[in-house]
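Worksheet: one structure, shown below.
The values are calculated or read from the model by the stated rules, or taken from the named source; none is laboratory data. Since the structure is predicted, the reported quantities are computational estimates derived from the model, not experimental observations. Cβ atoms come from the backbone with ideal geometry, glycine included; neighbour counts cover every protein chain shown.
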Amino acid sequence: MMGGQSSFLAVLFIVGLASDCFSDTSKNDPTTNKAKNSGAAGSTAGQGGLIIPVRVHPCIIQEVSQFPTKIEAREKSELRVLWSALIEKIHVNIGDTVRKGQVIASVDTSDYQKQIQIYDDYMALFSGQIDVANQDVKSLTRRRVNIAGLVAKGIVPSTDLEKVDTEVLGAKNFKIQMERMRDGMLKTLSELHKMEKNASFYSEIDGVVTALMADPGSIVGKLSAMSGALIARIEKPGQYIAQGNLLDIQLKALEVGQIVDVELPDHSHYGGKVKSISPVRIEQKNDGQSAAPSPSSEPSQYQVVIEFTRPGEMLPAELTATATVKIAQPRSKACLPWNAIDVSAQGATKIRGFSEGKGWQTQFVTLGKRGQYEVEILSPELPSSMTIESRLW
């Protein structure tokens with residue numbers, strides 16, 4: 001009868017170990033429940049209870065990180081106008097499927113044509129002024145040569161030469177100024193001709209229209225030197241990326257290729273993979289506002305890009321989701337069941353173990369990560385060959 005009971009308890013013990021998953025719970029922590037564990041494992045057989053030997057084994061601990069992400073299509077085409085323009089016609093509606101090269105919107109070019117005519121007139125004026133300046137420089141240069149000869153012969157004073165030098169320098173400076181203005185006009189004209197020629201906006205991919213930011217008759221203006229006003233967005237369905245930031249303390253052992261669960265607001269789940277991890281450097285101004293980072297600033301956050309698929313479906317633009325990363329990895333070499341740890345009334349933790357050549361010895365240990373069934377032993381280093389007393393009670 002006793003043997004059958006022992007077998008049953010041993011099975012329960014093994015099942016408990018097999019289902020162990022680390023968490024921050026302390027309900028089975030001997031250091032917070034000393035009364036329950038008083039006289040537990042590590043005591044002598046004379047103190048009662050069934051003692052069985054266990055071996056030190058590696059800890060496998062599952063780390064979990066969750067962070068918000070923003071969903072975007074992996075492949076998209078954003079049509080932007082880099083100048084002020086009057087929208088003449090929108091050729092599509094939101095939700096339309098379009099092909100690469102299809103016209104999405106057109107702008108009115110009449111204003112561009114008027115501006116081109118005005119700048120053409122200015123170009124003729126500047127070109128004429130440059131021709132005059134060239135002639136003046138040549139004429140004044142010849143005159144300087146003649147005056148320099150007369151000064152050398154003492155016929156005219158040297159102040160006459162200084163005067164003509166000033167006139168030559170003035171003519172050259174005027175010519176340079178006109179050339180710079182002409183070059184600026186040429187650049188503007190080039191842009192105007194480009195605007196007139198590119199009066200229509202075309203989709204760069206096969207996809208679905210997910211946003212239209214302008215109406216016929218509306219005027220869109222340039223927002224900045226880097227990005228113009230958005231007119232339309234076309235996205236390719238089915239392939240998405242989720243982008244979010246992790247603090248460095250959350251990053252843990254996240255790696256490119258790591259499997260990630262992406263949960264959408266409708267509670268649907270999609271498996272993805274980490275595509276990239278890149279540092280985000282943020283500095284603070286004196287007023288507490290964020291400032292541009294310097295090359296020497298240390299990264300405090302990391303941007304994580306996750307790829308996932310939603311076959312044949314379109315997701316709303318700017319959708320937010322939650323990414324969950326689970327990382328199971330060896331944390332340390334030594335883990336033991338809770339009932340192998342003896343906790344004294346003063347809170348000291350110790351074990352009783354057997355090693356070849358040393359016999360049975362009691363050792364004080366420092367505990368690390370605490371799980372529901374097991375605890376990590378941070379120190380001292382315990383060999384895997386050591387046998388530890390563990391009590392079933």
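From Gly154, Gly95, Gly101, grab the single residue that is farther than 30 Å from Asp215 by Cα, small (Gly, Ala, Ser) and surrounded by fewer than 12 Cβ atoms within 10 Å (Cβ to Cβ).
Of the residues listed, the single one that is farther than 30 Å from Asp215 by Cα, small (Gly, Ala, Ser) and surrounded by fewer than 12 Cβ atoms within 10 Å (Cβ to Cβ) is Gly154.
Is one or more of the residues making up the stretch 284-303 modelled with pLDDT of 80 or more, touching a helix residue (DSSP H, G or I) at 6+ places or on another chain (Cβ under 8 Å) and in a strand (DSSP E or B)?
Yes, the stretch 284-303 contains at least one residue that is modelled with pLDDT of 80 or more, touching a helix residue (DSSP H, G or I) at 6+ places or on another chain (Cβ under 8 Å) and in a strand (DSSP E or B).
If Ser384 satisfies all but one of (1) at pLDDT 85 or above; (2) outside any strand (DSSP E or B); (3) polar (S, T, N, Q), what's the number of the condition it fails?
Against the list (1) at pLDDT 85 or above; (2) outside any strand (DSSP E or B); (3) polar (S, T, N, Q), Ser384 comes up short only on (1).
Could you identify the single residue in Asn146, Asn134, Asn93 that is touching a residue at least 24 places away in the same chain (Cβ under 8 Å), among the polar types (S, T, N, Q) and outside any loop (DSSP other than H, G, I, E, B)?
The conditions single out Asn134.
Kindly indicate which of Ala214, Ala171 is part of a helix (DSSP H, G or I), modelled with pLDDT under 90 and hydrophobic (A, V, I, L, M, F, W, C).
Ala171
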